[in-house]
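S.K.: Sharing a structure with you now.
The values are calculated or read from the model by the stated rules, or taken from the named source; none is laboratory data. For clarity, every value in this text was computed on a predicted model and none was experimentally measured. Using ideal geometry, Cβ is built from the backbone for each residue, glycine included, and neighbour counts are taken over all protein chains shown. To get the accessible areas, we keep the full protein, side chains included, count just its heavy atoms, and leave off ligands, DNA and RNA. Shrake-Rupley method; radii C 1.70, N 1.55, O 1.52, S 1.80 Å.
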Amino acid sequence: MRFIPTKVHGVLDYAVGLFMLAAPWLLGFSDSAEGTLVALVFGGGAIVYALLTDYEPGLYPLIGMPLHNAFDVLGGMALAASPFLLNFSEEVWVPHLAVGLFAVTAGL
C-alpha cells in the first residue's frame, strides 16, 4: 500500500536532493568539511537515482520503486547517523538527522 503517490514521491526526491545540495550554505554549515561533503553526496545521489527511477518524474527508468525505496531507507539511515559516526556532530547534525529520518519514512 502506497501512502505517497509516486508522482509526489518524485517531486519530493528532487526537492530534498536540491535542498541537501544547498543546505551547507543555506543553513550555515559550509565550514564543516565532513558535514558539507555528506550533504552534497546525499543530495546528488538522491537526484541521480530519482532520474533513474521508473516513475513519472524519472527520465531514464532503469530502477523500480522497490529498489528506489530501499535506497531511500538505507541512504536516510546513513545520512541520519553520519554526524555521529563521522564525528562532525559538534559542528552540525540537525539537517542530516531530520532529512535522513524523512527519507527513511518516505522509503517505508
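S.K.: Charges only on Cβ, +1 for Lys and Arg, -1 for Asp and Glu: so what's the dipole of the chain about the Cα centre, in debye to the nearest 20? The partial results should precede the final answer.
M.R.: On the way: 2 positive and 8 negative charges, 65 e Å.
Computed charge dipole of the chain: roughly 320 debye.
S.K.: Are there any helices in the chain, counted as whole DSSP H runs, that stretch 18 Å or more along their axis by Cα and score at least 1.6 on average by Kyte-Doolittle, and if so which?
M.R.: Working: long enough: 6-26 (29 Å, 1.05); 33-51 (27 Å, 1.65); 65-85 (29 Å, 1.00); 94-107 (20 Å, 1.58).
Those that pass (Cα extent of 18 Å or more, hydropathy at least 1.6) are 33-51.
S.K.: With only alpha-carbon atoms in the gyration tensor, what are the semi-axes of the equivalent ellipsoid for the range 13-66, in Å, largest first?
M.R.: On the way: eigenvalues 136, 19, 8 Å².
Semi-axes from the Cα gyration tensor: 26, 10, 6 Å.
S.K.: Okay, next question. Non-local amide H neighbours of ILE63 (under 5 Å, H modeled in plane, Pro and chain starts lacking H): which ones?
M.R.: Under 5 Å from the amide H of ILE63 lie the amide H atoms of THR53, ASP54, each far enough along the sequence or on another chain.
S.K.: How big is the accessible area of GLU34 in square angstrom, nearest 10, if you roll a 1.4 angstrom probe over the protein chains?
M.R.: Counting only protein heavy atoms, GLU34 exposes about 90 Å² to solvent.
S.K.: Next question. Give me log10 I(q)/I(0) at q = 0.20, 0.23 Å⁻¹ for the chain, Debye formula, one equal scatterer per alpha-carbon, no solvent.
M.R.: -0.94, -1.17
S.K.: Okay, next question. Projected area of the range 59-101, taken from the Cα convex hull and averaged over every viewing direction, in nm²? Walk me through the numbers on the way to the answer.
M.R.: Details: hull surface 14.6 nm².
Hull-based average projected area comes out at 3.7 nm².
S.K.: I've got another one for you. At 222 nm, what helix-only mean residue ellipticity would the chain give, in deg cm²/dmol to the nearest 500, using -39500 (n - 2.57) for each DSSP H run of four or more?
M.R.: Working: 4 runs with 75 residues, N = 108.
My calculation for the chain gives -23500 deg cm²/dmol from helical runs alone.
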